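Where a number appears in this text, it was derived from the coordinates with a stated rule and is not lab data. Here the structure is a predicted model, which is why all the values come from computation and not from measurement. A quick note on method: Cβ atoms are made from the backbone with ideal geometry, for glycine too, and the neighbour counts reach across all protein chains shown.
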Amino acid sequence: MADEKNLMTRDIIPTNKIAVLATGDEISNGDILNTNSQEIAHRLFKQGMHVGNHMVTSDAVAEIEQAILFLLKSHSALIMTGGLGPTSDDLTRFALGKALDRPLIFDEVAWEGIVNRLKRFGYDTPPLSNRQQALFPQGSVIIPNPNGTAAGCMLERENKFIFMLPGPPFECLPMFEQVTLPALKKAGFAQIEYHKSWLLFGVSEGQIAEELDALAKPYECITGYRLFYPYIEFKIHSNNKSDFEKLIPQIEDAINPYILDDGQKTAAEILRAHLEKLNFTLKICDFATGGLLEATIKTPQTYPHLEFIYDKNQAHHVTIKGLSEFWQGSESTKTKLAIYFNFASKQDAAESVIPFRGHRVKQYAVEWICWRINDFLASRAYER
């Protein structure tokens, strides 16, 4: 029988779980999406850490305090985001101080950073309201914010780690990456030793899950699925090296028809990287996606190697047609898509019947098109 501490099953609650708490009326009221918690949890799991509960609260001191105390009861670490600004509804630091029964201490170094930053933006006399951004619970280690005035902090309480970060993602996520993640690694939170994931294209969860779960059942491994339309992210993790290494080749054999390249990137990501290396301009005539293809693959880096045209009679170009069911408002469950390669030394075509899922059909179409263009470019047939 396996050592219980290494046994991985969804029936056992892991130790050293990390909770994520997002504060803000704008989140609890549905005005904006809580993208910080999603991204933080994703990065924690990628580093082999157990993510526990996610919570959202309004900007109310009592509600935030209750959430902090509740989460600390069953988690070894807590990451909070939001409510560190200078306005009257930025109350996270006050709630944390009350929850931990610690006074808030004014940090002169943090205040000096706030003053200097505001002066660079033309505030000779910083508003007094910004002074609250220099208040932190006693015993805090300040986390500098290179992109804003809201510094964060980290502290320990009864061997539990607490991190307080600002809400805006362009401030929060760099601070998380540079300070919070390394601190959690150092504290031993990375407990999932072996994990891997793949993006599957052209298959649904229902089609593949039964087969993959059956393959994994004899082993001490946990499988997981995430819809990332039109992809399915399939994940597997374990603390049993032998079982993990035995299972991986079986999984890769089963999913091989549904992975692009190494299974880590989308077709659009692969194509953008390919386009940057072209020594000619790829011309595309898109009569199917309504501009979504261009918006997806045209970047400052790919721009010199890419041109969208609307003359299907031009030589040396790719023409895309289809999705008529979408544009005509049909209630069909499937739609056709075709791509034609017209180059001096090579003409080729590919057609497919793809699932029609309302407006999402365009997302599927873009990835299918990128996949076919990638194959054509990789074959270098256009050079012959």
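Placing +1 at every Lys and Arg Cβ and -1 at every Asp and Glu Cβ, with all other atoms neutral, what dipole size does segment 1-148 have around its Cα centre, in debye to the nearest 20?
400
Computed over the Cα atoms of segment 258-384, what is the ratio Rg over Rh, Rh following Kirkwood?
0.95
Which whole-number percent gives the relative contact order of segment 33-102, counting Cα pairs below 8 Å spaced six or more residues apart?
Relative CO of segment 33-102 lands at 28 percent.
Taking θ = phi - 60°, what integer Hz values does the Karplus form 6.51 cos²θ - 1.76 cosθ + 1.60 yield along segment 101-107, in sequence order, with x for Gly and Pro?
My calculation for segment 101-107 gives 6, 10, x, 8, 10, 6, 9 Hz in order.
Measuring from centroid to centroid over Cα atoms, what is the spacing of segment 120-157 and segment 227-248 in Å?
41
Which whole-number percentage describes the relative contact order of the chain, with Cα contacts under 8 Å and a sequence gap of 6 or more?
Dividing the mean separation by the residue count of the chain yields 11 percent.
I need the Kirkwood Rh of the chain: take the reciprocal of the average 1/r across all distinct C-alpha pairs and report it in angstrom.
Kirkwood radius, the chain: 24.4 Å.
Which one of Leu165, Leu199, Tyr219 has its Cα pushed farthest toward the positive end of the charge dipole of segment 154-222, where Lys and Arg give +1 and Asp and Glu give -1 at the Cβ?
Final value for the positive-end residue is Leu165.
Please report, largest first and rounded to whole Å, the three semi-axes of the ellipsoid equivalent to segment 18-186, where each semi-axis is the square root of five times an eigenvalue of the C-alpha gyration tensor.
Output for segment 18-186: semi-axes of 24, 17, 16 Å.
With +1 on each Lys and Arg Cβ and -1 on each Asp and Glu Cβ, and nothing else charged, work out how big the dipole of the chain is about its Cα centre, in Debye to the nearest 20.
Charge dipole, the chain, about its Cα centre: 580 debye, nearest 20.
Among the lysines, which fall within straight-line cross-link reach of Lys217, defined as a Cα-Cα distance under 28 Å, with same-chain neighbours fewer than 8 residues apart omitted?
Lys5, Lys17, Lys46, Lys196, Lys235, Lys241, Lys246, Lys265
In the neighborhood of Ser140, defined by Cβ-to-Cβ distances under 13 Å, what is the net charge if each Lys or Arg adds +1 and each Asp or Glu adds -1?
Charge balance in the 13 Å sphere: +1.
Looking at the chain, identify the longest residue range that excludes and avoids all GluC sites (Glu not before Pro) in DSSP loops having at most 15 other Cβ atoms within 10 Å.
Free of exposed loop sites, the longest segment is 5-157.
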